[in-house]
Amino acid sequence: MQKKKIPLRKCTGCGEMKPKKELVRVVKTPDDQVLIDLTGRVNGRGAYICPDAQCLKIARKSKRIEKSFQIQIPDEIYDKMEEELKNHE
């Protein structure tokens, strides 16, 4: 029997490769709105982050999410994303 391949993604905060299901997807929608996608089905460009506030802080400080989406992200959106991560835990 053939082993099923587990898709891996890189966390934009800590940089570790982890299974896709363990990470939370951050999405830039076609109308340049940035939000957290807990379902993994929102249409748009995605970046992945650990469901940990510490990884979000690292990604925010180094502007890795902004670099992957090539847009400027306001502080209010980062604050909203941090609240959603805390509620998700």
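The values are calculated or read from the model by the stated rules, or taken from the named source; none is laboratory data. The shown structure was predicted, so the numbers you read here are calculated from the model rather than taken from an experiment. Please note: Cβ atoms are built from the backbone with ideal geometry, for glycine as well, and neighbour counts cover all protein chains shown.
Here are R60, R64: which of them is crowded, with 16+ Cβ neighbours inside 10 Å and more than 25 Å from I6 (Cα to Cα)? Explain how you work it out, then say what you get.
Working: R64 fails: more than 25 Å from I6 (Cα to Cα).
When all the criteria are applied, what remains is R60.
Restricting attention to the stretch 79-87, does a residue exist that is surrounded by 14 or more Cβ atoms within 10 Å (Cβ to Cβ), within 19 Å of R9 (Cα to Cα) and not hydroxyl-bearing (S, T, Y)?
yes
Condition check ((1) in contact with a helix residue (DSSP H, G or I) (Cβ under 6 Å, 6 or more places away or on another chain); (2) modelled with pLDDT of 90 or more) across all residues:
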residue: K10; (1), (2): no, yes
residue: G13; (1), (2): yes, yes
residue: K21; (1), (2): no, yes
residue: R25; (1), (2): no, yes
residue: L35; (1), (2): no, yes
residue: Q70; (1), (2): no, yes
residue: I77; (1), (2): no, yes
residue: L85; (1), (2): yes, no
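Kindly indicate the residue of the stretch 1-50 that is under 18 Å from L85 (Cα atoms) and in contact with a Ser or Thr (Cβ under 6 Å, 6 or more places away or on another chain) and also surrounded by the fewest Cβ atoms within 10 Å (Cβ to Cβ) among those meeting that condition.
A47
Could you list, in sequence order, the residues of the stretch 73-89 that are part of a loop (DSSP other than H, G, I, E, B), farther than 14 Å from C50 by Cβ and under 15 Å from the mean Cα position of the chain (by Cα)?
Of the residues in the stretch 73-89, the ones part of a loop (DSSP other than H, G, I, E, B) are 73-74, 89.
Those left that are additionally farther than 14 Å from C50 by Cβ: 73-74.
The answer is I73, and nothing else.
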